[in-house]
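Structure, as structure tokens:
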Amino acid sequence: MFEEIAATITKTIPMRRRGTPKGMANGELTYATQAGMRSWWTADTRIEERVAGKAEFGFEKRQVVFRMTIDRLDPAQCVVMRCHGDHPEWNNTTLSWDLVKSKSDERSTTLRFTHSGWREFTDYCIGCNSMWGNLMFRLKDAAEGNGRGPQWKE
């Protein structure tokens, strides 16, 4: 008998804040706002920036669209989005971004990203794991003022 194991993708990256530490960190803006997500993930991003708001991320001229609902939105700490519809392997998975501020250096922050709830490790899940690694470096660059633009421009 086989036991079903849910897969989870987790990425952790350290970030340095630019500007005044008391203001809103760039890291918060890169994962908690429509403009932020457009700066590193996909230019085709639509987000209702509120709890229970809808989010859509389009790729390849909307040949692929991921639709989500925002379950938690606290830009200084955490954003959680639940995926539904469209792509069957993403359906009922959860994306979360958690900021952990350093206690010893007020300009340092660690971003912990998790994509959880995968039903199994498929080739598609493994490919997403690799892409999320790439995307987290794009997010880090955008947050630190060295943005390269979104991975997907259309």
Among (1) exposed (fewer than 14 other Cβ atoms within 10 Å of the Cβ); (2) touching a helix residue (DSSP H, G or I) at 6+ places or on another chain (Cβ under 9 Å) - the single one T45 does not satisfy:
(1)
Has region 112-125 got at least one residue that is surrounded by 14 or more Cβ atoms within 10 Å (Cβ to Cβ), touching a Pro at 6+ places or on another chain (Cβ under 9 Å) and of a type in the set (V, I, T)?
no
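Got at least one residue in region 100-119 being more than 11 Å from M68 (Cβ to Cβ), among the acidic types (D, E) and in contact with a Cys (Cβ under 7 Å, 6 or more places away or on another chain)?
Step one: filter region 100-119 for residues more than 11 Å from M68 (Cβ to Cβ), giving 100-119.
With the extra rule that they be among the acidic types (D, E), the set shrinks to 105-106.
Add one more test, that the residue is in contact with a Cys (Cβ under 7 Å, 6 or more places away or on another chain), and what stays is none.
No, region 100-119 contains no residue that is more than 11 Å from M68 (Cβ to Cβ), among the acidic types (D, E) and in contact with a Cys (Cβ under 7 Å, 6 or more places away or on another chain).
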For region 73-94, name all the residues that are in a strand (DSSP E or B) and either touching an Asp or Glu at 6+ places or on another chain (Cβ under 9 Å) or surrounded by fewer than 17 Cβ atoms within 10 Å (Cβ to Cβ) (or both).
L73, D74, C78, V79, V80, M81, R82, H84, T94
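Using the structure shown, decide if G27 is of a type outside the set (D, E), farther than 22 Å from C125 by Cα, exposed (fewer than 14 other Cβ atoms within 10 Å of the Cβ) and at pLDDT below 75. I'd like the intermediate steps shown before the answer.
Values: of a type outside the set (D, E): yes; farther than 22 Å from C125 by Cα: yes; exposed (fewer than 14 other Cβ atoms within 10 Å of the Cβ): no; at pLDDT below 75: yes.
In short, no.
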With respect to the numbered conditions (1) touching a Leu at 6+ places or on another chain (Cβ under 9 Å); (2) more than 22 Å from T8 (Cβ to Cβ), which one is the sole condition not fulfilled by M81?
(2)
Given the residues T69, T33, T109, T114, which is the only one that is over 12 Å from the mean Cα position of the chain (by Cα), at pLDDT below 95 and among the β-branched types (V, I, T)?
T109
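Give me the residue from region 95-129 that is among the β-branched types (V, I, T) and not in a helix (DSSP H, G or I) and, out of that set, nearest to I13 (Cα to Cα).
From region 95-129, those among the β-branched types (V, I, T) are 100, 109-110, 114, 122, 126; that's our starting set.
Next, from what is left, pick out any that are not in a helix (DSSP H, G or I): 100, 109-110, 114, 122.
Numbers: V100: 10, T109: 9, T110: 6, T114: 12, T122: 25 Å.
Applying the filter and picking the extreme gives T110.
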Residues satisfying the stated conditions in region 38-76, i.e. under 29 Å from S108 (Cβ atoms), in contact with a Ser or Thr (Cβ under 8 Å, 6 or more places away or on another chain) and touching a residue at least 40 places away in the same chain (Cβ under 8 Å):
R38, S39, W40, P75
Any chance region 140-151 includes a residue that's among the basic types (K, R), at pLDDT below 90, surrounded by 14 or more Cβ atoms within 10 Å (Cβ to Cβ) and closer than 15 Å to R38 by Cα?
yes
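Do we have any residue at all in region 105-116 that's free of Cβ contacts under 8 Å to residues at least 12 places away in the same chain and of a type in the set (D, E, K, R)? It would help to see each step written out before you state the result.
The initial filter retains those residues of region 105-116 that are free of Cβ contacts under 8 Å to residues at least 12 places away in the same chain, namely 105.
Now narrow it down to the ones that are of a type in the set (D, E, K, R): 105.
Among the residues of region 105-116, at least one is free of Cβ contacts under 8 Å to residues at least 12 places away in the same chain and of a type in the set (D, E, K, R), which makes the answer yes.
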Within region 73-90, can one find any residue that is at pLDDT 90 or above, of a type in the set (A, V, I, L, M) and in contact with a helix residue (DSSP H, G or I) (Cβ under 8 Å, 6 or more places away or on another chain)?
yes
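Return the only residue of M136, M131 being out of contact with any Gly (no Cβ under 7 Å at 6 or more places or on another chain) and surrounded by 15 or more Cβ atoms within 10 Å (Cβ to Cβ).
Working: M131 fails: surrounded by 15 or more Cβ atoms within 10 Å (Cβ to Cβ).
Just a single option satisfies the conditions, and that option is M136.
The values are calculated or read from the model by the stated rules, or taken from the named source; none is laboratory data. Given the structure is predicted, the values throughout are model-derived calculations rather than measurements. So basically every Cβ, Gly included, is an ideal-geometry build from the backbone, and we count neighbours across all protein chains shown.
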